[in-house]
Amino acid sequence: MNPIELEWQCLKKDELSGQVFDDELDLAYVVINGIQTRGERGKYTTERVKFYSNYTS
């Protein structure tokens, strides 16, 4: 697995497991907070970036 896949697996198990979210925004905030928490525990920094796409459906 790629390192990001391992992180995602741990994030799902530790931060998201057993929770129900009202909408995608609530899920997004829990993921963001979980990443920050895992970074603090692991003593590494995290940075949020905005992804822009020209894709239109």
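Cβ-Cβ distance below 6 Å, separation of 6 or more or different chains: which pairs start in the stretch 18-33 with a residue that is of a type in the set (A, V, I, L, M) and end on one that is surrounded by 10 or more Cβ atoms within 10 Å (Cβ to Cβ)?
Leu27/Phe21
If you go through the stretch 15-42 one residue at a time, how many are outside any helix (DSSP H, G or I) and either modelled with pLDDT under 90 or among the hydrophobic types (A, V, I, L, M, F, W, C) (or both)?
Within the stretch 15-42, residues that are outside any helix (DSSP H, G or I) and either modelled with pLDDT under 90 or among the hydrophobic types (A, V, I, L, M, F, W, C) (or both) number 2.
For the chain, which positions are of a type in the set (Asp, Glu) and either surrounded by 10 or more Cβ atoms within 10 Å (Cβ to Cβ) or touching a His at 6+ places or on another chain (Cβ under 8 Å) (or both)?
Residues satisfying the conditions are Glu7, Asp14, Glu15, Asp26, Glu40.
If the Cβ limit is 8 Å and pairs must be 6+ apart or interchain, which residue in the stretch 39-52 that is small (Gly, Ala, Ser) pairs with which residue that is surrounded by 10 or more Cβ atoms within 10 Å (Cβ to Cβ) and assigned to a loop (DSSP other than H, G, I, E, B)?
Gly39/Thr46
Is it true that Thr45 is assigned to a loop (DSSP other than H, G, I, E, B) and either on the phi < 0 side of the Ramachandran plot or at pLDDT 90 or above (or both)?
When the stated conditions are applied, Thr45 passes them.
The values are calculated or read from the model by the stated rules, or taken from the named source; none is laboratory data. The model shown is predicted, which means the values in this text are computed figures rather than measured ones. We place every Cβ from the backbone using ideal geometry, glycine too, and count neighbours over all the protein chains shown.
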